[in-house]
1. Run GLY115 past the list (1) loosely packed, with under 15 Cβ neighbours inside 10 Å; (2) on the phi < 0 side of the Ramachandran plot and report the number of the one that doesn't hold.
2. Quick test for you: out of GLU46, GLU94, pick the one residue that is over 15 Å from the mean Cα position of the chain (by Cα), among the acidic types (Asp, Glu) and in a helix (DSSP H, G or I).
3. What number of residues within segment 141-159 are out of contact with any Leu (no Cβ under 8 Å at 6 or more places or on another chain) and not in a helix (DSSP H, G or I)?
4. What number of residues within segment 126-161 are of a type in the set (Gly, Ala, Ser), touching a strand residue (DSSP E or B) at 6+ places or on another chain (Cβ under 6 Å) and in contact (Cβ under 8 Å) with a residue 60 or more places away in the chain?
5. Looking at GLU89, GLU149, GLU186, which one is acidic (Asp, Glu) and either modelled with pLDDT under 95 or surrounded by 19 or more Cβ atoms within 10 Å (Cβ to Cβ) (or both)?
6. Scan segment 118-127 for residues that are surrounded by 15 or more Cβ atoms within 10 Å (Cβ to Cβ) and either among the hydroxyl-bearing types (Ser, Thr, Tyr) or assigned to a helix (DSSP H, G or I) (or both) and report the count.
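The values are calculated or read from the model by the stated rules, or taken from the named source; none is laboratory data. Values in this document were obtained by computation on a predicted structure and should not be read as measured data. As a convention, Cβ positions derive from the backbone with ideal geometry for all residues, glycine included, and neighbour counts pool all protein chains shown.
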Amino acid sequence: MTELPVFDTRPRLQFETEILLRAQDIRVLLLDVDGVLTPGDLVVGESGETHKRFSTLDGHGLKLLKACGIAPVVVSGRDSSALRTRLRELGLLERAVLGREHKLPGAASLLHDLGLSWEQAAVMGDDWPDLPLLVRARLAACPPVAHHEVLARAHYRTQAQAGFGAVRELCDLLLVAQGQYRRLLEQAITGG
């Protein structure tokens, strides 16, 4: 009889206790797009089409959140076919709030529809249009290159850059805080 190999499944991530406590009861993650899910560059083609660059790390993190009962939701001032295609792939299009210059009414309505409060919300943004959401959220996060006023109000600043795993880092933080990360990591390593 062959012995099954033993794999090291200990998590390598570490977050400060204060931020983990703040993240324990989060049930929804509201995300900006440009400068959060993407590096923030707007690439416009000759015909006016918009091209966006998304990280697969972020996409997988959002799928893990959904599987653990935390609703990821995009709240963006812009709308584009590239964005809608990516959100459709991730199963996030039906709840997305897109093309809203003022994000607060759409985000508040969404929270109401989900039966959740700002105390159960995490928000990740990078610029002034995100401030009304960031200041209300239980957990306000931003990528390292965000506007100074956002940086000053964020509880957590990711190490990873926007569009290069910043959202995944926040997803991992939420999963660690809620005791889900190690189980998911073990499943991934063992192929379960």
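1. (2)
2. That would be GLU94, the only listed residue that is over 15 Å from the mean Cα position of the chain (by Cα), among the acidic types (Asp, Glu) and in a helix (DSSP H, G or I).
3. The initial filter retains those residues of segment 141-159 that are out of contact with any Leu (no Cβ under 8 Å at 6 or more places or on another chain), namely 143-148, 151-152, 159.
With the extra rule that they be not in a helix (DSSP H, G or I), the set shrinks to 143-147, 159.
Summing the residues that are out of contact with any Leu (no Cβ under 8 Å at 6 or more places or on another chain) and not in a helix (DSSP H, G or I) in segment 141-159 gives 6.
4. So the count comes out to 1.
5. Of GLU89, GLU149, GLU186, the one residue that is acidic (Asp, Glu) and either modelled with pLDDT under 95 or surrounded by 19 or more Cβ atoms within 10 Å (Cβ to Cβ) (or both) is GLU186.
6. Taking segment 118-127 as the starting set, the residues that turn out to be surrounded by 15 or more Cβ atoms within 10 Å (Cβ to Cβ) are 118, 120-127.
So of that shortlist, the ones also either among the hydroxyl-bearing types (Ser, Thr, Tyr) or assigned to a helix (DSSP H, G or I) (or both) come out as 118, 120.
Qualifying residue count, segment 118-127: 2.
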